[in-house]
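Taking it in order: structure first as structure tokens, then the write-up.
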Amino acid sequence: MNLLDIRNLSIVLKSATNPILAVDRVSLTMKEGEVRGLVGESGSGKSLLAQAIIGVLDEKWHVDADRFHWRGKDLMRLSVDERKAIISKDVAMIFQEPMACLDPTMTIGMQLTEAVDGEQLTGYFWQKNQQRKETAISLLHKVGIKQHKICLKKYPHQLNEALCQRVMIAMALAKRPILLIADEPTAAMESTNQGQIFRLLASLNQLKNMSILLISHDLENVTHWTNTITVMYSGQFVEAGTTKHIFEQPFHPYTRALVDSSPKSNSGLPAKSRLMALPGSIPILQHLPIGCRLGPRCPRAQQACVIAPKVTNYHGHQFSCHFSLKGSY
Amino acid sequence: MLIFTLRRLNLFIFTMFLLTLLSFSLSFLFPGEQLINISGQVNATPKQLMVLAEQYQTDNNIAQQYIAYISHLFQGDLGISMASQLSISNEIMSFLPATIELTLVALFIAMIFGIPIGFIAAIKHRKATDNIILTVSMLGYSIPVFWLGLLAILVFSIQLGWLPSAGQLSLVFEIEHVTGIQFIDILLSDSPYKWQAFQDASAHIFLPACVIALAPATIFVRLARTAMMDVLDSQYIRAAKAKGLSFRQIIYHHAIRNAMVHVIRDVGLQFANLVTIAMVTEVIFSWPGIGRWLIESIFQRDHTSIQGGLLALSSFIFIVHIVIDFIYAALNPLARESRNGA
Ligand SMILES: Nc1ncnc2c1ncn2[C@@H]1O[C@H](COP(=O)(O)OP(=O)(O)OP(=O)(O)O)[C@@H](O)[C@H]1O
Ligand code: SF4
Ligand SMILES: [Mg+2]
């Protein structure tokens, strides 16, 4: 049974004159204990999708899906409050820009104890405060912060980005989630810190059997840590499959370009030759091309591409392209 | 925090320097003899004038004149009133406390109503409640204060007879003048009618304070609304939602404190505006404050009093400003840091 099964999820930016389809029928499945990468250029709607899953988008967005199952339960049939209760119990998210996600006027300690789930505490109410504190400290230890005394008293702006990220992870762990969504957990971090954060997430996955949805704009960055990968482009589904398939035999021209543009695959190139990359840049929301949104940048595009391609499934490897590279391997 | 305090102290000294410089230059800018403007001695004999010229060093250069003026200020000597020939510092000491009392009560009323209403409007953004609050606050802001004051007297004092229309306290109560702040004096006094006096003073201050508070309150509504909307749109509120906190918890634990930080910073700026409104209101309600005294001095072309009164009033505004800055720093850990403090 799938942990999370989302089929054709769309997110519309509401507006009286012309509503914009920011995310266009994207599907995503996650198995228990799986680490899935969600990859796409900046602006391809990864964060929107993640926020739609945990239900924190505000009223100006409208979310719709053909199917939204959580551990076999159809969440579309439930009321908003019931859905929220289930999701916020089982799913935790660490957002992009960890520093901005901490309340600037509260100490880390207060915010961390607040995140501790009251139902996990066993004592009487006069013991609860102490228990909360102890839980907070053990959470900090779990994410590798040894000097909890100092850290608890600090305000967010007194910590660096990597420490804030650890605190955010600690907060996310507070409710013992089954699924952790990590939105660019290592953006704007030095590579040593990046490695530490990834290793921390990997150990959580192995020890706690926690599923992780790892969002990144850099395909190569996440290949080492993921089992499966979903690729998005400009709010559309591109390709999904095992990390090995995606990296070695991408069927979609966009994934091909992503793989080719990574420094690793370019390492054999002679010095000063051009790196492989797609021409142009990702369209802005106000000027989305019709049909396959990759069209204007795609080396294989033909007339048929003005109609959005359907998802093709080939031995569990899904892709959405009229003229895929399937035959070329 | 030490650096923050030092910075404020620095600012205080610099601003006081500018204020005294302005007040000093006024004595040149006003029509008439500078020496008489600065001292207020309109009936002085030539001999007395010689002594004054010596004191204020009018024969020396302008810097020395300024230093002489400052040393007079430090001795508490602001000259005497041209109109009444009374010592101006004594006059200020007897009138300023009433103004302090009135403006602080008005500020309190404006904040206690304006800020929560603004928060409610932000939480009910784009709903009927928000629109009604915005419309009413627009209306409240556009009402001229003298018209509102007269209307308030007409309705609540004359027609309904609920509240007194003039003065600070009924003459039947004999309260000793200690601090000048009526409420404190009443509490300090050992009159057997203390409690009645307190009620009477409250009744007297209520109407003028409300009239003064209306316009600033509407500004606070808008400030609080914008601040709360910004906060509710921020990343950490979204993260708090994802944590599974209820809307109530988010508002009470995170949103209000952060929005207050933004509002408090602007309260200091609004205070100067509030004092200006208070000056007009003091005239309407015959409130024995420095605003009324200053306006009377302007009518009497009492240049020495105008100088002294302006200096006292602007110092008061500035001190309130600094106090509010400290409250802001207490609420906002970012402001306490030296690298971010402005
Ligand atoms: N609050 C918003 N209002 C309007 N447009 C938005 C808003 N948030 C995101 N968008 C737009 O939605 C699109 C997708 O944004 P999203 O943040 O999901 O991208 P992303 O894939 O997470 O990119 P990044 O790697 O930069 O985080 C972008 O074009 C962005 O401009
Ligand atoms: S559908 Fe057409 S435009 Fe889109 S990726 Fe495939 S070939 Fe390129
Ligand atoms: Mg993002």
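Tabulated data
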quantity	calculated
Rg followed by Dmax, in Å, when the range A:200-254 is reduced to its Cα trace	12.1, 37
Percent antiparallel among DSSP beta bridges (both partners in the protein assembly as shown, rounded to 5)	60 percent
Whether the range A:64-155 is rounded, prolate or oblate, judged on the alpha carbon gyration tensor where a/c under 1.5 counts as rounded	prolate
Neighbouring partner chain Cβ atoms per residue of B:257-265, average, 10 Å criterion	1
Sequence-separation-based contact order of chain A, relative, with Cα cut under 8 Å and 6+ spacing, percent	21 percent
R0 of 35 Å, Cβ-Cβ distance B:Asn60-B:Asp230: FRET efficiency to nearest 0.05	0.05
Positive-end extreme of charge dipole, the range B:220-342 - chosen from B:Ala255, B:Ala240, B:Gln307 (charges on Cβ)	B:Ala240
Histogram of C-alpha separations across chain B, 20 Å bin width, %	25, 50, 23, 2, 0
Inter-chain shielding of A:99-112 (mean C-beta neighbours from other protein chains, 10 Å cut-off)	5
Average Cα contact separation per residue, the range B:88-301, under 8 Å, 6 or more apart, as relative contact order %	35 percent
Cα centroid of the range A:31-72 to Cα centroid of the range B:121-187, whole Å	53 Å
Among A:38-50, B:169-181, the order from most to least packed when residues are scored by Cβ within 10 Å on average	A:38-50, B:169-181
For the protein assembly as shown, size of Cβ-based charge dipole, Lys and Arg +1, Asp and Glu -1, in debye	3440 debye
Residue-wise HN-Hα coupling along the range A:54-65, computed from phi with Karplus coefficients 6.51, -1.76, 1.60 (Hz; x: Gly, Pro)	8, x, 10, 6, 7, 5, 6, 10, 10, 10, 9, 8
The range B:205-273 versus the range A:3-20: alpha-carbon centroid distance in Å	33 Å
Residues with amide H under 5 Å from that of A:Cys321, placed H, sequence gap 5 or more	A:Thr312
Links that overshoot a 24 Å alpha carbon limit, given the list A:Lys149/B:Lys241; A:Lys175/A:Lys208; A:Lys154/A:Lys175; A:Lys60/A:Lys154; A:Lys154/B:Lys243	A:Lys149/B:Lys241; A:Lys60/A:Lys154
FRET efficiency, B:Phe12 to A:Met110 (Cβ-Cβ, R0 41 Å, nearest 0.05)	0.80
Shielding by partners - mean other protein chain Cβ count within 10 Å, residues of B:231-238	5
Overall form of the range B:30-183 per C-alpha gyration tensor (a/c, 1.5; a/b vs b/c)	prolate
Scaled radius of gyration (Cα, divided by 2.2 N^0.38 Å) that the range B:118-209 gives	1.52
The protein assembly as shown: calculated mean residue ellipticity at 222 nm from DSSP helix runs of at least 4, using -39500 (n - 2.57)	-17000 deg cm²/dmol
Cβ-based exposure ranking for B:Asp230, A:Asp58, B:Asp266, in which fewest neighbours within 10 Å come first	A:Asp58, B:Asp230, B:Asp266
Proportion of all alpha-carbon pairs of the range B:2-74 beyond 20 Å (%)	39 percent
Nitroxide proxy distance, nm - points 7 Å out along Cα→Cβ at A:Lys146 and A:Asn129	3.1 nm
Fewest-first ranking of A:Cys151, A:Cys292, using other Cβ atoms within 10 Å as the exposure measure	A:Cys151, A:Cys292
Ratio Rg/Rh [Cα only; Rh per Kirkwood] for the protein assembly as shown	1.13
Rounded to the nearest 20 debye, dipole of the range B:88-301 from Cβ charges on Lys, Arg, Asp, Glu	1420 debye
Euclidean distance between Cα centres, the range B:8-41 to the range B:291-306, Å	16 Å
Reachable aspartates and glutamates from A:Lys73, criterion Cα separation under 12 angstrom, eight or more residues apart if same chain	A:Asp5, A:Glu82
Cβ-based exposure ranking for B:Phe74, B:Phe113, B:Phe119, in which fewest neighbours within 10 Å come first	B:Phe74, B:Phe113, B:Phe119
Top positive-direction residue, dipole computed over chain B with Cβ charges, set B:Ala335, B:Ser189, B:Phe285	B:Ala335
Leading residue at positive end of dipole, chain A (Cβ point charges), from A:Leu78, A:Phe125, A:Pro289	A:Phe125
Dimensions (Å) - the range A:182-329, Cα atoms, principal axes, largest first	49, 39, 37
Radius, Kirkwood style, for the range A:41-198 when every pair of distinct Cα atoms is counted (Å)	17.1 Å
Chain A - charge dipole about Cα centre, Lys and Arg +1 at Cβ, Asp and Glu -1, debye rounded to 20	400 debye
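Just so you know, all these numbers are worked out from the coordinates, no wet-lab data involved. Quick caveat: nothing in here was measured; it's all calculated off a predicted structure. Backbone-built Cβ (ideal geometry, glycine too); neighbour counts: all protein chains shown.
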